[in-house]
1. Do any helices (runs of 4 or more DSSP H) entirely within the stretch 1-120 hold 3 or more residues that are at pLDDT 80 or above and assigned by TED's automatic domain parsing to the domain that holds residue 131, and if so, which?
2. Looking only at the stretch 128-140, count every residue that is part of a helix (DSSP H, G or I) and surrounded by fewer than 24 Cβ atoms within 10 Å (Cβ to Cβ) and tell me the total.
3. Out of the residues in the stretch 200-220 that are within 30 Å of residue 159 (Cα to Cα) and touching a helix residue (DSSP H, G or I) at 6+ places or on another chain (Cβ under 7 Å), which is surrounded by the fewest Cβ atoms within 10 Å (Cβ to Cβ)?
4. Is there a residue being in a loop (DSSP other than H, G, I, E, B) and under 23 Å from the mean Cα position of the chain (by Cα) anywhere in the stretch 352-362?
5. If you go through the stretch 376-415, how many residues are under 24 Å from residue 114 (Cα atoms) and not in a helix (DSSP H, G or I)?
6. So which residues in the stretch 397-412 are crowded, with 24+ Cβ neighbours inside 10 Å and either in contact with a strand residue (DSSP E or B) (Cβ under 6 Å, 6 or more places away or on another chain) or touching a residue at least 60 places away in the same chain (Cβ under 8 Å) (or both), if there are any at all?
7. Residue 294 versus (1) surrounded by 13 or more Cβ atoms within 10 Å (Cβ to Cβ); (2) without any contact (Cβ under 8 Å) to a residue 24 or more places away in the chain; (3) touching a helix residue (DSSP H, G or I) at 6+ places or on another chain (Cβ under 9 Å): which is the lone unmet condition?
């Protein structure tokens, strides 16, 4: 009865158009008040504990802030230029470079909508000017942007780690090879489509451009090595690496590339100035400019936007944790686990059910909320069936990728619609052929667990675990 009441209340709240965070919180509180023996004091306690006990969740606002600085600055433009210098001369190379740029930007932002917004706002127009059909360009970017939650560091992976108490670092390791594989699949498909559509290739820019563009993008690319290198090398936890990434992204955007902030109009080197004099002048001006960042409008806007996104996401997480608390208190995951195990489903059959449930949920809910509701239910069943929890996590993340592309709540669809000025229906039609590739990729990830588990297991062996 309690289970039915909880999910019925959630469904009613969602059908009434209530925001998902409020729907989760209200259905949980109503269930505790009227159908549960749990203490009312547990509501306030759980809301506080949900964000204070999970150290991993502290990484989320830091990664969001890092992404905000890099999205506002010219990092995306420099990454696109670098990707074009590498693959732009291949047939369909601009689209391939866009996928590569999404992969690189995903590794510094951890967010799918941010990846689509930062890369798509530049490359969709560029592809159309180069002779690509606009629907082709929009479909590629909408799908490639989903790599933002698969290639580490990923905010969605942090949420799964908090919900199941698995290692966030191992989740990041597990997402690395699948992210590269998905990018490779997209680029192969682009090459085939470009041959069929007879899309022209760009001229080879030469090794000089590769070196020059790589140097220009170096500041942004270094963030990948700082974050992932420190985590995989055991130097820092994901939360510590996230904090460092936020400070580094601020420094790169404001003092390195100088796309925003008080040093925006200050040149690195003046005409006739020696290198030593330029370095000395820049250090002095940076020291003077640092206090001015507190009152700088552009820097404050980035901080405000990042704060809004962080508060929104953490509010959803807090309410979803309360929902998960009701599930756990009423032993709903335990009963469901016993029920599904009693059906005698083999592991592969259970994974079919998991994918159907998550694909359906992805149509109506935000990824973090889905993970926080479904992970406590599916996690114990997977353990009983011998499915690795890290493998289950990657399966769930790939399903969340697909959820970013399915209406009515597919965030990437809305971002692309905003960039192109077309309707959601037009974007859905443009993204559909590429979505089929993601579904194929989901099958591979589901039934070839070593794609996800190879790197974590390899690194464990290296460290002697």
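The values are calculated or read from the model by the stated rules, or taken from the named source; none is laboratory data. As the structure is a prediction and not an experimental result, all values here were calculated from the model. Reconstructed Cβ throughout: ideal geometry from the backbone, glycine too, with neighbour counts over all protein chains shown.
1. 59-72, 75-87, 93-109
2. Within the stretch 128-140, residues that are part of a helix (DSSP H, G or I) and surrounded by fewer than 24 Cβ atoms within 10 Å (Cβ to Cβ) number 5.
3. The qualifying residue surrounded by the fewest Cβ atoms within 10 Å (Cβ to Cβ) is 219.
4. Checked the stretch 352-362: at least one residue is in a loop (DSSP other than H, G, I, E, B) and under 23 Å from the mean Cα position of the chain (by Cα).
5. Here the count works out to 7.
6. 397, 398, 400, 401, 404, 405, 412
7. It is condition (1) that residue 294 fails.
Yes or no, residue by residue, for (1) part of a helix (DSSP H, G or I); (2) free of Cβ contacts under 8 Å to residues at least 60 places away in the same chain; (3) in the same structural domain as residue 289 (by TED's automatic domain parsing); (4) touching a strand residue (DSSP E or B) at 6+ places or on another chain (Cβ under 7 Å):
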| position | (1), (2), (3), (4) |
| --- | --- |
| 179 | yes, no, yes, no |
| 183 | yes, no, yes, no |
| 199 | no, no, yes, no |
| 210 | yes, no, yes, no |
| 214 | yes, no, yes, no |
| 226 | yes, yes, yes, no |
| 239 | yes, no, yes, no |
| 245 | yes, no, yes, no |
| 250 | yes, no, yes, no |
